[in-house]
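Engineer: Okay, here's the structure, questions in a sec.
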Amino acid sequence: MSYRRGALIVLEGVDRAGKTTQCMKLVQALQQSGRPAEMIRFPDRTTKIGQLISAYLEKKHNLEDHTVHLLFSANRWELEPMIRQKLEQGISLVVDRYAFSGVAFTSAKPGFSLEWCMSPDVGLPRPDLVLFLELNPAVAAQRGEFGAERYETSEFQKAVMQRFQQLMKDPSLNWQVIDAAKSIEDVHAEIKTHSEEAAEAAQHQPIAEL
Ligand code: DGP
Ligand code: NA
Ligand code: NA
């Protein structure tokens, strides 16, 4: 029982649920309680593949839907060796979006099954905890207008939300639904409790795969 790896903690949710803020606060809290922790986010727009994705999201160019799906997945795979290495070194990773966004966003487009969408991510490190920040559309609307990027319409986000609901039925994953309408501090406290629990449980287990 000497094996102590870091935990893989993923935050998912619809746009404007506060994922990025909560990821940063969680990393700080884990570090303060003595657990090495770092944040990563997907898409990682800094790599070559990430730059293609970024231009696509900014509507600077179009890409065929299957192609862009595979690019998002490739963007996760290119960081996979680093993710595995950090976890093995005992560093917990807080991840802003992961394969579930991949499946939810592409399968919200016509003609894509959940199964096809999941297949390129099979084999990626399996999260020890997936926190889903849930926000009802009325509250989300109060947080301001959507941006100008691709996918940022209430119609598409509604379809994405329905796909996330499907994904959350998977009992082999540790999904925790968090009410993101609460204050930043209340949401943080809940996320921190779930994360400390998951990190304790993960530290003596091998890294599983999706
Ligand atoms: P963000 O940087 O978190 O705002 O995400 C950028 C946008 O890309 C957001 O609308 C969600 C979407 N997205 C994130 N991951 C994937 C993915 O794997 N596939 C697809 N199709 N869209 C994704
Ligand atoms: Na966005
Ligand atoms: Na974000």
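The values are calculated or read from the model by the stated rules, or taken from the named source; none is laboratory data. Nothing here was measured: the structure is a model prediction, and the numbers come from that model. Virtual Cβ from ideal backbone geometry, glycine too; neighbours counted across all protein chains shown.
Engineer: Against the definition (at pLDDT 95 or above and within 14 Å of ligand 2 (Cβ to nearest atom)), how does Glu12 come out, yes or no? Steps first, please.
Structural biologist: On the way: at pLDDT 95 or above: yes; within 14 Å of ligand 2 (Cβ to nearest atom): yes.
Spelling it out, Glu12 is indeed at pLDDT 95 or above and within 14 Å of ligand 2 (Cβ to nearest atom).
Engineer: Lys59: loosely packed, with under 14 Cβ neighbours inside 10 Å and either within 16 Å of ligand 3 (Cβ to nearest atom) or over 21 Å from Phe164 (Cβ atoms) (or both), yes or no?
Structural biologist: yes
Engineer: Please specify each residue of the range 148-175 satisfying the condition of being within 23 Å of Val122 (Cβ to Cβ) and outside any loop (DSSP other than H, G, I, E, B).
Structural biologist: Here is the first cut: in the range 148-175, the ones within 23 Å of Val122 (Cβ to Cβ) are 160, 162-175.
Scanning the range 148-175 gives Val160, Gln162, Arg163, Phe164, Gln165, Gln166, Leu167, Trp175.
Engineer: For the structure I just gave you, tell me whether Met82 is surrounded by fewer than 17 Cβ atoms within 10 Å (Cβ to Cβ), more than 20 Å from Ser195 (Cβ to Cβ) and within 19 Å of the chain's Cα centre (by Cα). Give the steps one after another, and end with the answer.
Structural biologist: Working: surrounded by fewer than 17 Cβ atoms within 10 Å (Cβ to Cβ): yes; more than 20 Å from Ser195 (Cβ to Cβ): yes; within 19 Å of the chain's Cα centre (by Cα): yes.
So Met82 passes the test.
Engineer: In the range 64-123, which residues are on the phi > 0 side of the Ramachandran plot and either more than 13 Å from ligand 1 (Cβ to nearest atom) or hydroxyl-bearing (Ser, Thr, Tyr) (or both)?
Structural biologist: Of the residues in the range 64-123, the ones on the phi > 0 side of the Ramachandran plot are 90, 97, 111, 123.
Selection gives Gly90, Gly111, Gly123.
Engineer: Right, another one. Consider the range 133-147. How many of its residues are within 25 Å of Asn174 (Cβ to Cβ) and either more than 16 Å from ligand 3 (Cβ to nearest atom) or assigned to a loop (DSSP other than H, G, I, E, B) (or both)?
Structural biologist: 2
Engineer: Assuming Lys60 fulfils every condition listed in (1) out of contact with any Ser or Thr (no Cβ under 7 Å at 6 or more places or on another chain); (2) free of Cβ contacts under 8 Å to residues at least 60 places away in the same chain; (3) in a helix (DSSP H, G or I); (4) more than 17 Å from Ile191 (Cα to Cα) apart from one, which condition is it?
Structural biologist: (3)
Engineer: Could you go through the range 176-191 and let me know if any residue there is part of a helix (DSSP H, G or I), hydrophobic (A, V, I, L, M, F, W, C), surrounded by fewer than 15 Cβ atoms within 10 Å (Cβ to Cβ) and in contact (Cβ under 8 Å) with a residue 40 or more places away in the chain.
Structural biologist: Of all residues in the range 176-191, those part of a helix (DSSP H, G or I) come to 184-191.
Now narrow it down to the ones that are hydrophobic (A, V, I, L, M, F, W, C): 184, 187, 189, 191.
If we keep only those that are surrounded by fewer than 15 Cβ atoms within 10 Å (Cβ to Cβ) as well, we get 184, 189.
When the remaining residues are screened for being in contact (Cβ under 8 Å) with a residue 40 or more places away in the chain, the result is 184.
Yes, the range 176-191 contains at least one residue that is part of a helix (DSSP H, G or I), hydrophobic (A, V, I, L, M, F, W, C), surrounded by fewer than 15 Cβ atoms within 10 Å (Cβ to Cβ) and in contact (Cβ under 8 Å) with a residue 40 or more places away in the chain.
Engineer: Is there a residue being within 16 Å of ligand 1 (Cβ to nearest atom) and either assigned to a helix (DSSP H, G or I) or farther than 22 Å from Gln165 by Cβ (or both) anywhere in the range 2-19?
Structural biologist: Yes: the range 2-19 contains one or more residues that are within 16 Å of ligand 1 (Cβ to nearest atom) and either assigned to a helix (DSSP H, G or I) or farther than 22 Å from Gln165 by Cβ (or both).
Engineer: Same structure again: Of all residues in the range 24-53, which are small (Gly, Ala, Ser) and buried (at least 16 other Cβ atoms within 10 Å of the Cβ)?
Structural biologist: Within the range 24-53, the subset small (Gly, Ala, Ser) is 29, 33-34, 37, 50.
Passing the criteria: Ala29, Ala37, Gly50.
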